[in-house]
Amino acid sequence: MRSEHCVTRNHIAVWHDRALPSGPEPIGFRTVLRGSLLPVLVWTGVACFTYVVFDPVVTMVLGGLFTLSFGVAFGLRSRATHSVRCSAYGALGGVLDKSMAGF
């Protein structure tokens, strides 16, 4: 097959040439949150629901579990010699991403 007819090869070439930067680039906190907008909205809704229907203690337990998960993810990324900023952003994005697996 000729390379110009290979959809995968052309797609990869276009992806690397136009979409991906030439090297690692820092991302901002807004980008992390924008990419995690759905989980943030879902967990905000869950927190509001548990606060109104059950008890504020249940909401505090959910917040504590989120904080614990964030702390563990931050610690694991820090041990892997990531910078503090990279560890914080990666931990936040990872916790929000993995928390949506049940939905």
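Remarks
- Test: residue in region 7-20 that is farther than 19 Å from Ser99 by Cβ, at pLDDT 70 or above, among the β-branched types (Val, Ile, Thr) and open to solvent by 70 Å² or more (accessible area, probe 1.4 Å): no
- Test: residue in region 63-80 that is at pLDDT below 85 and of a type in the set (Ser, Thr, Tyr): yes
The values are calculated or read from the model by the stated rules, or taken from the named source; none is laboratory data. Computed from a predicted structure; not experimentally measured. A quick note on method: Cβ atoms are made from the backbone with ideal geometry, for glycine too, and the neighbour counts reach across all protein chains shown. Ligands, DNA and RNA are excluded from the accessible area calculation, which covers all protein heavy atoms including side chains. Shrake-Rupley method; radii C 1.70, N 1.55, O 1.52, S 1.80 Å.
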